[in-house]
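Student: My structure is below; once you've seen it, I'll send some questions.
The values are calculated or read from the model by the stated rules, or taken from the named source; none is laboratory data. The structure displayed is predicted, hence computed values, not measured ones. Positions of Cβ are generated from backbone atoms using ideal geometry, with glycine treated the same way; all protein chains shown enter the neighbour counts.
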Amino acid sequence: MVSALLAVGAWLACLLSMLVMGLASVQLAGAVLVGFAAVFTYKMERTSGLSRVFFMQVALAFSICGKGMLIFGLMELWPSTPFQRCLLMWGATALSYPVFTQKLDRTIMAFGSVLMAFLVVFEYLPALVPYMEPAAILLFVLAYVLFFVPNENIRPIAWGMLLACTVPFALLLLGEVKTFLPQNALALGVCLVGVYAWRAREKFHIGVAALILVLSYLTNNGTMMGAALLALAYSQNRLSLKIVGTAVFGLSLVWLYYHMQTTLLVKSFYLWASGLALLALYVGLKRRNYAR
């Protein structure tokens, strides 16, 4: 509770600082906030206990708000094209990445960089906009591979890419993107089989690879992504990936079940058969010492 109160107090301190500086001096305020964030980051690495929690949250709040205000101010001062804004975002991410060491800060900056790249596509390559779902799948696979890299400094970039994967699917829900779910999900399955073969090597099992391809064609992109994240989470014992993977997998199953063009009785049969198949798979994997 004390840590939570310190975090809230740190963010309120940042917001009050922004109000004192005034919206008219947004460019100067952003630069000052970024400077404060650098100072607090330096201070955070040399403290411990509750002081570390406070300085960590202050650095995060000042960094995110300051860099956002600074980038927005530069865009307002010098009218630029989406490509120039993308370069500005990438430059800010590259310059701030070694200084601001918090994972959430780095993740947000990485997400913003990928998001600006999507805006460039919207502006200069409008013919590709209706078919961005394969690009999102490729982005997911790239992020998935980055999670296997042992360097922890790479991890925020992978998280930023995972967040950016949601952009094309959000456009899909808004009716802006055409989609071909079976083909795209099957392509995702092929990519995941490649990653599985690369990681498993001599332990590669052709039955597991075939099951991945069959499930990818019968389900949708979200369930495949959730299953992949869960497999990665349990193999590396990462709680954050377990939470995200469970949420993605569960919500995608609900979405798939709700949009099935059939009766409620048939949907119930599919759920029953899927449960039996998964239980049988669990028993088989446990006998082969693949499951706990």
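Student: Any residue at all in region 169-192 that is within 23 Å of LEU104 (Cα to Cα) and modelled with pLDDT under 70?
Tutor: For region 169-192, residues within 23 Å of LEU104 (Cα to Cα) and modelled with pLDDT under 70: present.
Student: Go through (1) modelled with pLDDT of 70 or more; (2) outside any helix (DSSP H, G or I) and name the single condition VAL121 misses.
Tutor: If we test VAL121 against (1) modelled with pLDDT of 70 or more; (2) outside any helix (DSSP H, G or I), just (2) comes out false.
Student: Moving to a separate point now. Say whether the condition of being closer than 21 Å to LEU115 by Cβ, surrounded by 16 or more Cβ atoms within 10 Å (Cβ to Cβ) and not charged (D, E, K, R) is met by at least one residue in region 14-31.
Tutor: Yes: region 14-31 contains one or more residues that are closer than 21 Å to LEU115 by Cβ, surrounded by 16 or more Cβ atoms within 10 Å (Cβ to Cβ) and not charged (D, E, K, R).
Student: I'd like to check something: does region 1-8 contain any residue that is outside any helix (DSSP H, G or I) and at pLDDT 75 or above?
Tutor: Yes: one or more hits.
Student: Would you be able to tell me the number of residues in region 223-242 that are out of contact with any Lys or Arg (no Cβ under 8 Å at 6 or more places or on another chain), more than 13 Å from VAL195 (Cβ to Cβ) and either of a type in the set (A, V, I, L, M) or assigned to a helix (DSSP H, G or I) (or both)?
Tutor: Adding up the residues that qualify gives 7.
Student: Before we move on, is LEU119 touching a residue at least 40 places away in the same chain (Cβ under 8 Å), surrounded by 14 or more Cβ atoms within 10 Å (Cβ to Cβ) and among the hydrophobic types (A, V, I, L, M, F, W, C)?
Tutor: No; evaluated as a whole, the condition is false for this residue.
Student: Also, quick follow-up: I need a count of the residues in region 255-283 that are assigned to a helix (DSSP H, G or I), hydroxyl-bearing (Ser, Thr, Tyr) and over 13 Å from THR219 (Cβ atoms).
Tutor: 3
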